[in-house]
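K.L.:
First the structure, which I've put down as structure tokens, then a few questions once you've had a look.
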Amino acid sequence: MTPMQWTVHPARVRPVAALWALVAIAVVATLIAQLAGDWFWGAISAVGLFISLTRFFLTTRYRIDAEVAEVIYPLSMSRLRWDEVGCIRWQDHRALVARSISRREQMRGLVFDFTNLSVDTKAQLREFVLAQTSPEVWQ
């Protein structure tokens, strides 16, 4: 199978939520600037709030091939080799791929968003992941 790649941009899918998030950032930044008495602290808080929401505002890229599963976030990248996978939780709209069933590893696992994928593509992707992993890891 050739590598499968797709992107998800949550702010484009939910423009009203994106608008409200920007309004909330502006309001909080303005309040901080007023409380601190300097526009600099308001600007710093706006940047900090935006960075905390980069996975919502900016594009996330997903890539799956025969060797690894990879998620490229706006400010970081996570990858997991198929032979390291110990837990897969597959749902219709997303999947969690983690090293083990432990809560800590699941929090550090890769979450794949299938929002932009067709039903056929999701089915092909599931079949491919089934072929790459052992049945014991599926939950």
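K.L.:
Residues in segment 116-131: is at least one of a type in the set (Lys, Arg), open to solvent by 80 Å² or more (accessible area, probe 1.4 Å) and modelled with pLDDT under 95?
P.N.:
So the first thing to find is which residues in segment 116-131 are of a type in the set (Lys, Arg), and the list is 122, 126.
Filter again for open to solvent by 80 Å² or more (accessible area, probe 1.4 Å), leaving 126.
After this cut, where a residue has to be modelled with pLDDT under 95 as well, the list is 126.
Yes, segment 116-131 contains a residue that is of a type in the set (Lys, Arg), open to solvent by 80 Å² or more (accessible area, probe 1.4 Å) and modelled with pLDDT under 95.
K.L.:
Take segment 63-103 and flag every residue that is open to solvent by 40 Å² or more (accessible area, probe 1.4 Å), in a strand (DSSP E or B) and touching a residue at least 60 places away in the same chain (Cβ under 8 Å).
P.N.:
Arg63
K.L.:
When you look at Thr60, is it more than 16 Å from Trp138 (Cα to Cα), at pLDDT 90 or above and crowded, with 16+ Cβ neighbours inside 10 Å, yes or no? Outline the logic, then answer.
P.N.:
On the way: more than 16 Å from Trp138 (Cα to Cα): yes; at pLDDT 90 or above: yes; crowded, with 16+ Cβ neighbours inside 10 Å: yes.
The answer is yes for Thr60.
K.L.:
So, one more: Please find, within segment 1-48, the residue that is least open to solvent (accessible area, probe 1.4 Å) out of those that are assigned to a loop (DSSP other than H, G, I, E, B) and of a type in the set (D, E, K, R). Give the derivation first.
P.N.:
First, pick out the residues of segment 1-48 that are assigned to a loop (DSSP other than H, G, I, E, B): 1-3, 9, 14, 37-38.
Filter once more, keeping what is of a type in the set (D, E, K, R): 14, 38.
Numbers: Arg14: 138, Asp38: 63 Å².
Among those residues, the one meeting the criterion is Asp38.
K.L.:
Determine whether segment 117-132 contains at least one residue that is in contact (Cβ under 8 Å) with a residue 60 or more places away in the chain and assigned to a loop (DSSP other than H, G, I, E, B).
P.N.:
yes
The values are calculated or read from the model by the stated rules, or taken from the named source; none is laboratory data. What you see is a predicted model; the values in this text were computed from it and never measured. Reconstructed Cβ throughout: ideal geometry from the backbone, glycine too, with neighbour counts over all protein chains shown. Ligands, DNA and RNA are excluded from the accessible area calculation, which covers all protein heavy atoms including side chains. Shrake-Rupley method; radii C 1.70, N 1.55, O 1.52, S 1.80 Å.
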